[in-house]
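Report on one structure; see the data block that follows.
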Amino acid sequence: MRVVLAEDLFLLRDGLVRLLRAHDFEIVAAVESGPELARALAESEPDVAVVDVRLPPTHTDEGLQCALEARRRRPGLPVLVLSQHVEQLYARELLADGSGAVGYLLKDRVFDAEQFVDAVRRVAGGGTAMDPQVIQQLLTRRSGDDRPLARLTPREREVLELMAQGRSNAAIAGRLVVTERAIAKHTANIFAKLGLEVSDDDNRRVLAVLAYLDQGR
């Protein structure tokens with residue numbers, strides 16, 4: 001799997017290169033600035049891009065904007081964005097086209113190699129990987145005046161949170177140590193209570209939940 005990596009901190013960039021190579025990823029470019037990232041995405045045709053939000057020369061959101069521009073030129077290009085802090089605007093921009101194959105993680109997550117590599121593979125496969133803190137903020141903001149969310153049981157809310165992170169029924173079942181059948185039942189109840197259309201497609205389901213949580217921003 002071909003990866004373009006953009007990170008301006010040398011030690012972190014080098015560590016990510018070593019980690020990804022150890023899990024059989026091919027690093028086709030490892031760059032440190034926005035202009036270099038734009039060239040690499042245009043020339044390398046990667047299977048997935050792993051991009052720091054803030055890159056030189058502006059150190060604002062140059063990495064994100066380069067990735068979004070690359071997705072406009074190549075719709076569906078898988079992009080996993082790394083950020084020092086949770087910014088819902090960044091997640092919202094990534095999700096705006098509704099096509100999936102995107103991820104948004106805090107940089108702290110890269111120190112959990114299994115979680116980070118799983119996120120890269122999930123995004124590369126067309127899925128979604130959203131940081132738990134992003135989902136927590138969305139849930140907290142919606143919970144105050146959201147009657148459908150208030151109708152969810154504690155277990156359904158737990159399933160909703162994991163679903164919104166981009167996890168499949170099988171992954172949720174493994175995390176909660178229950179059967180996939182039980183998760184499917186919880187999922188059906190969640191969608192009924194939130195008034196969402198049920199889908200067997202994991203990615204469509206995740207995007208529907210994220211769109212619901214982001215309503216009324």
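The values are calculated or read from the model by the stated rules, or taken from the named source; none is laboratory data. No experiment lies behind these values; they were computed from the predicted model shown. Cβ atoms come from the backbone with ideal geometry, glycine included; neighbour counts cover every protein chain shown. Surface accessibility is based on the protein's heavy atoms, side chains included, excluding ligands, DNA and RNA. Shrake-Rupley method; radii C 1.70, N 1.55, O 1.52, S 1.80 Å.
Pick out, from Thr60, Gly34, Leu95, the residue whose Cα sits farthest towards the positive end of the charge dipole of segment 17-176, with +1 on the Cβ of Lys and Arg and -1 on the Cβ of Asp and Glu.
The listed residue farthest towards the positive side: Leu95.
Along Cα→Cβ, 7 Å out, is where each label goes; now give me the distance between the ones at Asn189 and Ser44 in nm to one decimal.
According to this spin-label approximation, the distance is 4.5 nm.
Just check segment 1-117 against the gyration tensor rule for me: Cα atoms, a ≥ b ≥ c as the square roots of the eigenvalues, rounded for a/c under 1.5, and otherwise prolate or oblate depending on whether a/b exceeds b/c.
rounded
Ranking request for peptides 19-27, 173-181: highest mean number of other beta-carbon atoms within 10 Å first, then the rest in descending order.
Final packing ranking: 19-27, 173-181.
Just want the answer: with Cβ charges of +1 for Lys and Arg and -1 for Asp and Glu, which residue in Gln84, Ala184, Val51 is farthest toward the dipole's positive end in the chain?
Ala184
Residue farthest toward the positive end of the dipole of the chain, with Cβ of Lys/Arg at +1 and Asp/Glu at -1: which of Gly125, Phe111, Thr153?
Thr153
Mean separation of Cα pairs under 8 Å and 6+ residues apart, divided by the residue count of the chain: what relative contact order is that in percent?
14 percent
Quick one: if the Förster radius is 35 Å, what FRET efficiency do Ala22 and Arg147 give, using the C-beta to C-beta distance and rounding to 0.05?
Result of the calculation: an efficiency of 0.15.
What size of dipole, in debye to the nearest 20, comes out for the chain about its Cα centre when the only charges are +1 on Lys and Arg C-beta atoms and -1 on Asp and Glu C-beta atoms?
Rounded to the nearest 20 debye, it is 760 debye.
Mind pulling the angle between the C-alpha long axis of helix 154-164 and the longest principal axis of the chain? Nearest 10 degrees, somewhere in 0 to 90.
30 degrees
Using only the alpha-carbon atoms, how far is helix 62-73 inclined from the longest principal axis of the chain? Give it as 0 to 90 degrees, nearest 10.
It works out to around 80 degrees.
Looking at the square roots a ≥ b ≥ c of the eigenvalues of the Cα gyration tensor of segment 1-62, which shape do they give, rounded for a/c under 1.5, prolate if a/b is larger than b/c, or oblate?
Oblate, because a/c is 1.5 or more while a/b does not exceed b/c.
When a/c is below 1.5 the answer is rounded, else prolate if a/b is larger than b/c, else oblate, so apply that to segment 73-148 with a ≥ b ≥ c taken from the square roots of the Cα gyration tensor eigenvalues.
oblate
First measure r as the distance between the Cβ atoms of Gln133 and Leu12, then evaluate 1/(1 + (r/R0)^6) with R0 = 30 Å and state the FRET efficiency to the nearest 0.05.
My answer for the efficiency is 0.95.
Calculate the length of the line joining the C-alpha centroid of segment 1-79 to that of segment 159-181, in whole Å.
Distance between centres, Cα-based: 29 Å.
Excluding ligands, DNA and RNA, what is the solvent-accessible area per residue of segment 149-217 at a probe of 1.4 Å, expressed in Å²?
Counting only protein heavy atoms, the per-residue value for segment 149-217 is 53 Å².
Treating the angle as unsigned and between 0 and 90°, give the value, to the nearest 10°, between the Cα long axis of helix 202-213 and the longest Cα principal axis of the chain.
Between helix and principal axis, roughly 80 degrees.
Counting alpha carbon pairs within less than 8 Å and at least 6 residues apart, what relative contact order, in whole percent, applies to segment 82-177?
On the way: 87 pairs, mean separation 23.6, N = 96.
Computed value for segment 82-177: 25 percent relative contact order.
Let me spell out the model: positive unit charges on the Cβ of Lys and Arg, negative unit charges on the Cβ of Asp and Glu, origin at the Cα centre of segment 58-133. What dipole size does that give, in debye rounded to 20? It would help to have the intermediate numbers written out before the result.
Numbers: 9 positive and 11 negative charges, 70 e Å.
Magnitude of the dipole: close to 340 debye.
Got a number for carbon plus sulfur as a percent of the chain's accessible area, 1.4 Å probe?
About 49 percent, which is the carbon plus sulfur part of the accessible surface.
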